[in-house]
Amino acid sequence: KTFDNETDAYGPMQIIMSQSLAEIQRRLSTDGIGKDMKTYNDLLKDNLNIDLMNVTKEDLEQPVVSAAVARAYFMVAADAIPTEPEAMADYYVDNYVRYDPKSPTYTEDREKARQNFLVNNGFVRGGFTQTIKSLLDI
C-alpha cells in the first residue's frame, strides 16, 4: 500500500499530514515546547526556504521537504537514541515496533523483534550459523 495515499501519507518519506505534520505544527505554534524544533524550523527557513508551518501535500512530494519534515518529526522523541546494541534494540522496539501490551504474546513478540533487530544490524554474529548447528544437532 506504499504511496496509495489511503492513509493521508505523502512524499518519499510517506509523511502522514494528519499525524506527524500536525504534531510538528502543534509544537511550533505552542509556547513552552518545541524549542529545538523551532530552532530547526528557523534554519530551514533561512537556508532552504522551507517553513514547516506552511508545508502542503504538494510540498511533501519534494524529497528535501519530505526529509526535512521526517527529521522534524524525529525531534518529537524525548529520548536520545542509545549507542549500545541492547539499548538500541529496546529503543527500536519501544518506538517503532508497537505491540499491544495486553496481547497474550506481547513478551514473546517484543523479544523476537529485539532479537531480529540485533541480528539484522550485525550485532549478533553467527546467529544463523548457530541456529543451523542447533537444528542439525552438530
Take Asp46 and Asp31, extend 7 Å from each Cα along the Cα→Cβ direction, and tell me the distance between the two endpoints in nm. 2.4 nm
Theoretical gain in end-to-end length, Tyr96 to Glu23 [0.36 nm per residue, Cα-Cα removed]: 24.6 nm
Select from segment 56-91 those GluC sites (Glu not before Pro) which occupy a DSSP coil region and have at most 12 other Cβ atoms within 10 Å, ordered by residue number. Glu58
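Every read-out reported here was derived from the displayed coordinates using simple, explicitly stated rules and does not represent laboratory data. As the structure is a prediction and not an experimental result, all values here were calculated from the model. Positions of Cβ are backbone-derived with ideal geometry, glycine not excepted, and every protein chain shown enters the neighbour counts.
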